[in-house]
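The structure under discussion appears below in the form of structure tokens.
Taken together, the values in this text are just the output of simple stated rules run on the coordinates, not laboratory data. This is a predicted model, so every value here is computed, not measured. All Cβ positions, even for glycine, are placed from backbone atoms using ideal geometry, and neighbour counts span all protein chains on display.
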Amino acid sequence: MHVITQDGLLALSHDKTPHGAESGILWSMTGLLQYVDAVTFRVPDLDAGLAFYRDRLGHELIWRNDAEGQVGLRTPDSATKVVLTTALS
């Protein structure tokens, strides 16, 4: 079984030849996720999380919301943010 993508849609081929191979066309595989806005980590407390992610790893603090128990940090050379949260879900 092959997983094949064509125009962003997933298709399955149950034979041993990828769909389109018989006509000389092979569809390239691309990732389903095209962009990751944020990666969230649960921390026991924001200050402890900041002590590690900001002070030790060097991520820049870009926002903090104490009411929600969250902070956002910049990642180098990427638009993806690291979000630390004290919330369970």
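Numbers below:
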read-out: Dipole axis of the stretch 38-85 (+1 Lys, Arg; -1 Asp, Glu on Cβ), positive-most option in Tyr53, Trp63, Thr80; value: Thr80
read-out: Full-stretch length increase - Trp63, Thr30 - with 0.36 nm per residue and alpha-carbon distance subtracted; value: 8.6 nm
read-out: Length gained when the stretch Arg56-Thr80 is fully extended (0.36 nm per residue, less Cα-Cα span); value: 6.7 nm
